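The values are calculated or read from the model by the stated rules, or taken from the named source; none is laboratory data. Bear in mind that the values here come from a model prediction, so they are computed numbers and not experimental data. In this analysis, Cβ positions are derived from the backbone assuming ideal geometry, glycine residues included, and neighbour counts consider all displayed protein chains. Heads up: the accessible areas ignore ligands, DNA and RNA and are worked out on the full protein's heavy atoms, side chains in. Shrake-Rupley method; radii C 1.70, N 1.55, O 1.52, S 1.80 Å.
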Amino acid sequence: MVKHAAAAVLDVPADELELARGPAGRPYLRGCDRLGLSLSHTGDLLVLALSLHGPIGADAERLGRSGCRVLLAQRACTAQELSDLRALPAPERGDAVLRLWTLKEAYTKALGVGTGLPFRTFGFRVEGTTAVLHDNTGEPVRTGEWTFATHRLGTGHVVSTAYALSPGA
């Protein structure tokens, strides 16, 4: 599926493409630096993100999934994010944590570092379907370099993407 989608974007035959994985497990097309790609899956949902303009990352989670979201937030969120979460009505906090988690996963996938970048060292302020990257003190960073989006799907999932606006980001 990845090769066929990439072939359609690149306008080349799919059998000319070779899917490979980097040392950290990041998928890429061997010999094709101009196409960024990211995969994510959860349950029966598979997300493929492609970009001809720079690095891209995607992550998906099922909303309302079980698990200790309070512990997840404490381990993955900055102080500003924790404060923002506490300001939300209690029933909204769990899904908000998953939105932050998917944004962080998407960004680190786009950077190619996965969980090698501690999630408490950067954060997001979500505004509708977009998000702004912040440092661990809550100050915006790298504005104009990245676009972040998060969407609720009718399937009960949240999907977030991190998209570099330039190849050198």
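In this simple spin-label model, placing a label point 7 Å from the Cα along the Cα-to-Cβ direction at both ARG30 and ARG86 gives a separation of 5.2 nm. Here the accessible area is traced with a 1.4 Å probe on the protein chains. For the stretch 63-169, carbon and sulfur cover 55 percent of it.
Binning the C-alpha pair distances of the stretch 1-49 at 10 Å intervals from 0 yields a P(r) profile of 24, 56, 19, 1 %, listed from the shortest bin outward.
Please return the longest stretch of the chain lacking exposed loop sites, where GluC sites (Glu not before Pro) count only if DSSP places them in a loop and at most 16 other Cβ atoms lie within 10 Å. Could the numbers behind the result be given before it?
Working: sites that count: GLU18, GLU145.
Free of exposed loop sites, the longest segment is 19-144.
Expressed as a fraction of 2.2 N^0.38 Å, the C-alpha radius of gyration for the stretch 71-169 is 1.02. The separation of the stretch 78-142 from the stretch 1-64, counted between C-alpha centres, amounts to 23 Å. Whole-Hz Karplus values for the stretch 5-19 come out as 5, 5, 4, 5, 5, 7, 6, 9, x, 4, 6, 8, 9, 10, 7 Hz, taken residue by residue from phi with 6.51 cos²θ - 1.76 cosθ + 1.60 and θ = phi - 60°; glycine and proline positions read x. What you get for the chain, charging only the Cβ of Lys and Arg (+1) and of Asp and Glu (-1), is a dipole of about 460 debye around the Cα centre. Note that the chain, at 25 °C in a medium of 0.890 mPa s, gets a Stokes-Einstein diffusion coefficient of 148 µm²/s from its Kirkwood radius over C-alpha pairs.
Sort TRP146, TRP101 by accessible area with a 1.4 Å probe, largest first. Walk me through the numbers before you get to the answer.
Values: TRP146 20, TRP101 55 Å².
Listed by decreasing accessible area, they come as TRP101, TRP146.
The calculated FRET efficiency for the pair GLU127 and HIS41, based on their C-beta separation and a Förster distance of 22 Å, comes to about 0.20.
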